[in-house]
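Beneath this line is the structure, given in structure tokens, with notes to follow.
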Amino acid sequence: MEFFAHETALVDEGCTVGMGTKIWHFSHIMPNAVIGENCNIGQNVVISPDVVLGNNVKVQNNVSLYTGVICEDDVFLGPSCVFTNVINPRSAVVRKNEYRKTIVRKGVSIGANATIVCGYEIGEYAFIGAGAVITKPVAPFALMVGNPARQMGWMSKFGHRLNFNEQGIAICPESQEQYLLRNNTVTCIHQ
């Protein structure tokens, strides 16, 4: 067997699930969803049609991923975080042709109970705090907290807060990688 699905999980025909992926209790993977290799899909997760998850994506319990969401490799989605796909939903108005794409770049972490309003890109290695509400694009390496979310600093690839010196250089305490802050943009300069 290339992937594992708990007996209570529903994995619909027409979806693609990569080798080494695990799908746990009461989760539902819908047609045309694409899940990469070595992903972990927690309990009670909904992955709607046409959602794309890269490799090594961790989706914690009670997460809803709706059509239009794309997550690149190494993304972490905390418990009960949710994505929207229509900006102005109404029960009596069909807006399936108005779905907006949300792109979550490589290495992003999204905290528990965060809400990601549709139509934006979250830059690589950004860190979205628990309960944050994202209502605009997020820069790579940005630390976002609150409702609506505001940038409170920068994070390393390893998830540590970066403290920049006068020259705009910061060092990750875990990896020792160096980061450069210039013109409100962070780049990893020595890996």
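Data overview
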| item | result |
| --- | --- |
| Rg/Rg_ref, the chain, where Rg_ref = 2.2 N^0.38 Å and atoms are Cα | 1.07 |
| Label-to-label distance, nm, for residues given as ASN147 and ASN32 (7 Å Cα→Cβ offset) | 3.2 |
| 10 Å Cβ shell holding at most 11 others, DSSP loop, GluC sites (Glu not before Pro): longest site-free stretch of the chain | 14-165 |
| Using a Förster distance of 41 Å, the FRET efficiency for ASN113-HIS190 (Cβ separation, nearest 0.05) | 0.70 |
| Separation in nanometres of the label points that stand 7 Å from Cα toward Cβ, at GLU2 and TYR120 | 3.5 |
| Shape box of the range 143-191 [Cα atoms, principal axes, largest first, Å] | 34, 23, 14 |
| Set of the range 54-87 residues, backbone N closer than 14 Å to the point 7 Å along the Cα-Cβ line of LYS22 | 56-61 |
| Percent RCO, i.e. relative contact order, over the range 18-111, from Cα pairs under 8 Å lying at least 6 residues apart | 22 |
| Sorted by Cβ neighbour density within 10 Å, fewest at the top, the residues TRP154, TRP24 | TRP24, TRP154 |
| Gain upon complete extension [PHE158, LYS96; 0.36 nm per residue less C-alpha separation] | 18.6 nm |
| GNM flexibility winner over the chain from ASP73, ASP50, ASP12 (Cα, springs under 10 Å) | ASP12 |
| Inter-site label distance for ILE87 and ALA130 at 7 Å from Cα along Cβ, in nm | 3.2 |
| Dipole moment magnitude, nearest 20 debye, the chain about Cα centre, only Lys, Arg, Asp, Glu C-beta charged | 720 |
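Just so you know, all these numbers are worked out from the coordinates, no wet-lab data involved. None of the values given here were measured: they were computed from a predicted structure. Here the Cβ is made from the backbone with ideal geometry for all residues, glycine too, and neighbour counts use every protein chain on show.
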